[in-house]
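First the structure, in the form of structure tokens, and then the observations on it.
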């Protein structure tokens, strides 16, 4: 009886995993004809290429009414902050299925990168720092202006000075714990005046697919929240481009 139960549960797990991959593939195939020149291929990758470019992050100071925040933030994990605060725009994006990002390996590491073993850094480095582009549905938008703030943003608290989380899911009906966290950072936000709450809310309410581009990052600070309020500690952070699909065509959110 125990063996039969195990086999049954294992079958259900495989079925759910295959369903997630299939849905992501269907979303991608429905918009294939509108791929623009920044795409690297005609279909979404199911794994991160070992030869894909991983440039060192370029950061910048951020000035607001709350003060001046350096590129490495204020305290905390400065190496993670440098990745979160990068402002360089990718020269090329790699189309990757949403399921591929969500199912990337999740090694158990210390919160602070200073404490990572070399082998852990190499393992995460196989995927981190790649410029990716993926397709999904916005399930939630969260402006992180509550609480005590984050070290990357020098604990600033105004809406314009904090990260905006865009939760990306296979389907609009999925819960937060099944979503990929993608983040608009205040430094990148300065260059995108069209990334307003109203436009993002409209994109979510229409229940159509969106295409999110940016830098792939492993946020070890949130690894123990996996399955609670996120599907994985892997993120697209920061986002560098947002596109909305209208009448079968991708439109830059900045130009809408």
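Overview of results
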read-out	value
Test result for residue 145, out of contact with any strand residue (DSSP E or B) (no Cβ under 8 Å at 6 or more places or on another chain), closer than 16 Å to residue 84 by Cα and either modelled with pLDDT of 95 or more or surrounded by fewer than 16 Cβ atoms within 10 Å (Cβ to Cβ) (or both)	no
Residue ID - nearest to residue 181 (Cα to Cα), chosen from residues in the range 74-88 that are within 20 Å of the chain's Cα centre (by Cα) and assigned to a loop (DSSP other than H, G, I, E, B)	85
Matching residues, the range 142-188, being part of a helix (DSSP H, G or I) and either over 15 Å from the mean Cα position of the chain (by Cα) or closer than 18 Å to residue 75 by Cβ (or both)	151, 152, 153, 159, 160, 161, 186, 187
Whichever residue in the range 189-208 is part of a helix (DSSP H, G or I) and in contact (Cβ under 8 Å) with a residue 24 or more places away in the chain and, among such residues, is farthest from residue 223 (Cα to Cα)	199
Of all residues in the range 216-256 being within 18 Å of the chain's Cα centre (by Cα), at pLDDT below 95 and assigned to a loop (DSSP other than H, G, I, E, B), the one that is surrounded by the most Cβ atoms within 10 Å (Cβ to Cβ)	231
Residues located in the range 84-98, provided they are crowded, with 22+ Cβ neighbours inside 10 Å and under 27 Å from residue 112 (Cβ atoms)	84, 85, 86
Selected residue (only one of 73, 67, 136 is within 21 Å of residue 148 (Cα to Cα) and crowded, with 19+ Cβ neighbours inside 10 Å)	73
Filter result (in contact (Cβ under 8 Å) with a residue 60 or more places away in the chain, assigned to a loop (DSSP other than H, G, I, E, B) and over 13 Å from residue 45 (Cβ atoms)) within the range 117-141	126, 128, 129
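The values are calculated or read from the model by the stated rules, or taken from the named source; none is laboratory data. Model, not experiment: these values are computed from the prediction. Cβ sites come from the backbone with ideal geometry, for glycine too, and all protein chains shown count toward neighbours.
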